[in-house]
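Have a look at this one.
The values are calculated or read from the model by the stated rules, or taken from the named source; none is laboratory data. The model shown is predicted, which means the values in this text are computed figures rather than measured ones. No Cβ is skipped: glycine too gets one built from the backbone with ideal geometry, and neighbour counts run over all protein chains shown. Ligands, DNA and RNA are excluded from the accessible area calculation, which covers all protein heavy atoms including side chains. Shrake-Rupley method; radii C 1.70, N 1.55, O 1.52, S 1.80 Å.
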Amino acid sequence: MPVKLAVIPVAGRGTRLVPLTKSLPKEMLPVGRKPVVQYVVEELNRCGLERLLFITGPTKAAIENYFDLDVELVNHLRETGKEELLLELAFEKADLQYFYTRQRRQLGLGHAVLCAESFVGKEPFAVALGDTILGINEKARVVERMIQVFEECGADAVIAFEETPLEETFRYGIAAPADLSNPEVFPLADIVEKPSPKEAPSQLAVASRYIFRPGIFEFLKKTKPGKNDEIQLTDAIQALIAAGGKVLGVKVAPHEHRFDIGNFESYFGAFLEFALADPDFGDSVREKMRALLHEEGSCR
């Protein structure tokens with residue numbers, strides 16, 4: 001059965017980005033010209049996904065509203081002679097179906113994925129975190145490659161990984177590859193949640209994209225809550241591997257670099273990179289930055 005369904009968890013409160021996220025979902029924060037979640041949706045659309053299930057929570061209605069057709073806005077732009085702006089709304093016409101269900105309690109990523117069980121049924125599915133962008137200028141196709149590996153290899157799960165500095169391993173789930181003879185696609189012996197640099201089995205960090213068979217739900221149901229009473233997706237993947245499941249890693253390409261919009265430092269950095277890459281305003285932003293940096297240097 002082909003992978004045509006994606007689950008997009010967007011229920012997190014984004015507390016590390018308060019006050020921006022007090023009433024605005026972190027997935028709706030602008031990065032360059034678009035909100036974060038639009039980049040995620042467009043990536044999945046490019047990779048052949050057709051049905052998207054958002055796992056939402058309180059204060060997330062803006063996401064549902066954003067992907068609705070806005071006929072009044074379209075008419076207003078036409079009536080006021082701003083037809084050129086209609087191109088910015090082209091995403092509304094994408095051949096996608098949108099669905100929404102709520103994670104009623106904040107019990108972690110594993111629990112958020114488990115909320116999709118009745119919708120997923122017996123289909124394989126992708127998981128793409130709604131607060132993480134892969135690549136700039138619509139080039140990321142790692143999910144497409146993951147689906148190909150998943151189908152050709154008969155895997156139970158495929159996970160995207162990106163090289164991370166050793167000192168950053170404590171922030172991510174880290175791969176313990178069983179074999180790295182092919183560094184682009186490799187079997188997993190284990191996956192370790194947020195290990196210290198000394199304990200990290202590699203520098204391959206989970207890049208927020210997954211493909212699963214529905215069997216993952218049984219492992220999620222058996223996963224005991226951990227820190228903050230949360231059910232960790234990593235724990236369920238560990239159990240799947242331990243039970244003999246075939247779990248493969250796919251390495252993201254350099255141009256598919258992960259932008260994790262999880263704190264102010266990463267958010268500012270992502271916005272800056274996307275602004276500099278803007279085809280219309282990137283050069284002027286670059287000149288403004290140079291002027292500011294020159295001023296700062298002159299004041300020292």
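Just to check your reading of the model, which residue among ARG104, ARG145 is of a type outside the set (A, V, I, L, M) and touching a strand residue (DSSP E or B) at 6+ places or on another chain (Cβ under 7 Å)?
Being of a type outside the set (A, V, I, L, M) and touching a strand residue (DSSP E or B) at 6+ places or on another chain (Cβ under 7 Å) holds for just one of ARG104, ARG145, which is ARG145.
Now, a different point. Under 8 Å by Cβ, and 6 or more places apart or on different chains, what pairs join a residue from the range 206-221 that is of a type in the set (S, T, N, Q) with one that is in a loop (DSSP other than H, G, I, E, B)?
SER208/LEU129
Right, something else. Just the residues that are open to solvent by less than 50 Å² (accessible area, probe 1.4 Å) and at pLDDT 90 or above, please, taken from the range 87-100. Before you say what the answer is, go through the steps one by one.
As a first pass, look at the range 87-100 and keep what is open to solvent by less than 50 Å² (accessible area, probe 1.4 Å): 89, 91-92, 94, 96.
Once the filter is applied, which keeps residues that are open to solvent by less than 50 Å² (accessible area, probe 1.4 Å) and at pLDDT 90 or above, the range 87-100 yields only LEU96.
How many residues does the range 226-246 contain that are under 23 Å from the mean Cα position of the chain (by Cα) and either basic (Lys, Arg) or part of a loop (DSSP other than H, G, I, E, B) (or both)?
6
Is it fair to say ASP280 is modelled with pLDDT under 95 and within 16 Å of the chain's Cα centre (by Cα)?
Numbers: modelled with pLDDT under 95: yes; within 16 Å of the chain's Cα centre (by Cα): no.
Here the answer is no, as ASP280 does not meet what is asked.
Is it true that ASP278 is in contact with an Asp or Glu (Cβ under 8 Å, 6 or more places away or on another chain) and open to solvent by less than 70 Å² (accessible area, probe 1.4 Å)?
Criteria not met by ASP278.
Then there's this: Please give the number of the condition ARG51 fails out of (1) modelled with pLDDT of 95 or more; (2) open to solvent by 40 Å² or more (accessible area, probe 1.4 Å); (3) in contact with an Asp or Glu (Cβ under 7 Å, 6 or more places away or on another chain).
Of the numbered conditions (1) modelled with pLDDT of 95 or more; (2) open to solvent by 40 Å² or more (accessible area, probe 1.4 Å); (3) in contact with an Asp or Glu (Cβ under 7 Å, 6 or more places away or on another chain), the odd one out for ARG51 is (3).
Please work out which one of (1) farther than 30 Å from ILE211 by Cβ; (2) open to solvent by less than 40 Å² (accessible area, probe 1.4 Å); (3) not in a helix (DSSP H, G or I) is the condition VAL74 fails and give its number.
(3)
Which one is farthest from VAL149 (Cα to Cα), of the residues in the range 172-189 that are free of Cβ contacts under 8 Å to residues at least 60 places away in the same chain and surrounded by 16 or more Cβ atoms within 10 Å (Cβ to Cβ)?
Start the filter on the range 172-189 by keeping residues that are free of Cβ contacts under 8 Å to residues at least 60 places away in the same chain, which leaves 172, 174, 176, 178-182, 189.
Checking which are surrounded by 16 or more Cβ atoms within 10 Å (Cβ to Cβ) leaves us with 172, 174, 176.
Values: TYR172: 23, ILE174: 20, ALA176: 19 Å.
It comes out as TYR172.
For residues in the range 13-47 being open to solvent by 30 Å² or more (accessible area, probe 1.4 Å) and in a loop (DSSP other than H, G, I, E, B), which is nearest to GLU123 (Cα to Cα)?
ARG13
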